[in-house]
Every structure is written in C-alpha cells, then in structure tokens.
Amino acid sequence: MRILLLSHSFNSLTQRLHVELRERDHEVSVELDIHADVTRESVALYQPDLVIAPFLKRAIPEDVWRNVRCLIVHPGPPGDRGPAALDWAILQGTTEWGVTVLQADGEFDAGPVWAFRTFPMRRAAKSSVYRNEVTQCAVEAVLEAVAAIEAGRPTPQPMRANDARIRVRGPCRQSDRAIDWQHDTTETVLRKINSADGMPGLVDSLFFQDVRLFDVHEAREISGVPGTVVAQFDGALARATVDGAVWIGHVRPLAPKSLKRSAAKVSPSKPPACRGGRIAAMLRFNIASMARSASCSSPSIMAPWRAVTAKRC
C-alpha cells in the first residue's frame, strides 16, 4: 500500500512506524503537519491509499479524510477522547491504559475503531511510558488495522453515543497538577510531575525561582518540613512532602530556549521582600530531621549549604 505518515513531528513513534511499515513492503512517505494546505498538497501529490497520523496536535482537514481513509493513533483506550490522554491517565493514577487506532471523521477521537491494545500502567515519566508501552502497543494496533484494510474488512461501526466507555477530557493544564507541598503526599507529587515529564514539564518554585521539574523519584527514608530541600546527591535534590520526600533530578528555567540542568545547580536567590515587618520564611532546612533520616549513606545532608531559618524584614 501507498501510506502517508502525517505527523506533527518525526518523533519516536513516527520513526518506528516508518521502519515497521517499510519492512512489510509498504511504500511509505512522511509529511509534517505544519499547515492544512500543506497536508492537502501532500495528499494530492502522493496519492496515498491510506493516511496514518501517529502524532497530531490538530484535526485533519475534512476534505482530506472524506476522500482518503485516515487513521488516527490515540494514546488512550477506546472511548477516551481529548488532547492530553496520557497526561490525565498518569495524573489520576490509572492502573491500566491503552492505545486506539481509529478512523478520522467529523468528531475528535470519535471515529470507528480499527484496533486497540491495552497495557498495565507503571509509575514512570510520561515520556518513558510513551516511548515504551504506548509505542509498542501503537505499532501492534496500526499493523493490525493495516492488515484488516488490506484484507478488505468493512469499516467498523462507530461507538454508540451512550457507550459507558466514552470520556471526553480537555487539555491538562498547570492548574490541574500544581503541587501543594503542604498537603500533597509523595505519591501525589510523583504523579503530578510524571504527568508533565517530558513536555511541558511541571512549573514550580525552587529557591524562589520558577522552574519546570523533571526526573522525579521517591526518596526513601528521607523526610523533613514539607516543601523544604532536605538532601542532595549526584546532582539531584530531595524535597520533603507530608509523608516523605522526592528526588528531583533536573529542572529547566521558564525562559525561552532554556536547557535542562541538574536540580542541584539551581542556586538559592534572595527571597521577595516582605511587607509590614512580617517574618518571611526562607528555605528552612530541618537539620535535626535530616540527620534522623540520613541512615542511607548515599544522600549527603548538604553541609555546604547554609541552614536558613527566618529573616526579619
């Protein structure tokens, strides 16, 4: 078959599908979805038998999917609809997730389902789940759908409007996963950061600097005052939660084109001025608590760092 891969970028899933389809003797071309007119021109020039969209950020033009069968790879099980499927699944602690290959029609993620796969969700960054479980399931489902189309199988019927599996969710925004260090448990913090890793990254404040957090792991046998940095090791910082702590491996400043850096390279800066003579709490390290929790030999107690309690303004 002549297959056009239409994708927002030539990401890992698009690359994998390109290889897998070519190995099965399909004639494959790739077009980046940069504008609707470019998509129309690509389809007109290439004349594909099938368009497959592994990674899109907008709908395929109606005049394209009405004339050529278009398959959408959605990183969610049948019935899930919306642009942030994997984000929501991680944020809400879903234990099983999936990938669906459906045919484009007039409603977003609501077309006939050609194939799907499910997988157990593990605790990991969104980027890791996408590159492993999602990619593997997507390849299997796409190959099944392509084989069914080649065999002449009729187009499946769309899901009924009252199907209990249908769930429509919008974008997962910063406000949906902002961390409340005074109330969130370790598990909640892990889910919030993982749901935004690697894009866009969870916005939080570290040493009075707004940054995006990445590469989070549970810090076992470490605790302290919730929200404070209590240890460092190998470039990572341990930050206390209400019931433990998490390691934060990397951060990225909010400035455009900023690069990721080790979390420990973020230096404490002067806190905002307080008003009315009130006491501004500053990065208070609970040294006694840190010492009690430092039974593990690897994390250091940040001896070079100056313990700051409070400063009168």
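The values are calculated or read from the model by the stated rules, or taken from the named source; none is laboratory data. Everything numeric here is computed off the predicted structure, so don't read it as measured data. With ideal geometry, Cβ positions are generated from the backbone for all residues, glycine too; neighbour counts draw on all protein chains shown. Surface areas here come from the heavy atoms of the whole protein model, side chains and all, with no ligands, DNA or RNA. Shrake-Rupley method; radii C 1.70, N 1.55, O 1.52, S 1.80 Å.
Observations on the model:
For every residue, the table says whether it meets (1) surrounded by fewer than 16 Cβ atoms within 10 Å (Cβ to Cβ); (2) out of contact with any Leu (no Cβ under 7 Å at 6 or more places or on another chain); (3) on the phi > 0 side of the Ramachandran plot; (4) not hydroxyl-bearing (Ser, Thr, Tyr).
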{"site": "Thr39", "(1), (2), (3), (4)": "no, no, no, no"}
{"site": "Val43", "(1), (2), (3), (4)": "no, no, no, yes"}
{"site": "Ala53", "(1), (2), (3), (4)": "no, no, no, yes"}
{"site": "Lys57", "(1), (2), (3), (4)": "yes, yes, no, yes"}
{"site": "Pro75", "(1), (2), (3), (4)": "no, no, no, yes"}
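- Residue that is touching a Lys or Arg at 6+ places or on another chain (Cβ under 6 Å), farther than 17 Å from Leu102 by Cβ and outside any loop (DSSP other than H, G, I, E, B), where the choices are Val28, Val43, Val38: Val28
- Hits in the stretch 249-271 (condition: at pLDDT below 60 and either open to solvent by 90 Å² or more (accessible area, probe 1.4 Å) or assigned to a strand (DSSP E or B) (or both)): Lys270
- Set side by side, the residues Ala151, Ala161 differ, and just one is open to solvent by 50 Å² or more (accessible area, probe 1.4 Å), modelled with pLDDT under 95 and over 15 Å from Leu102 (Cβ atoms), which is Ala161.
- Exclusive hit being out of contact with any Gly (no Cβ under 8 Å at 6 or more places or on another chain), assigned to a strand (DSSP E or B) and either open to solvent by less than 10 Å² (accessible area, probe 1.4 Å) or not small (Gly, Ala, Ser) (or both), set Val246, Val230, Val216, Val189: Val246
- Count of the stretch 165-186 residues which are open to solvent by 40 Å² or more (accessible area, probe 1.4 Å) and without any contact (Cβ under 8 Å) to a residue 40 or more places away in the chain: 5
- No other residue among Pro54, Pro77 is touching a residue at least 60 places away in the same chain (Cβ under 8 Å) and either in a loop (DSSP other than H, G, I, E, B) or farther than 26 Å from Pro200 by Cα (or both) apart from Pro77.
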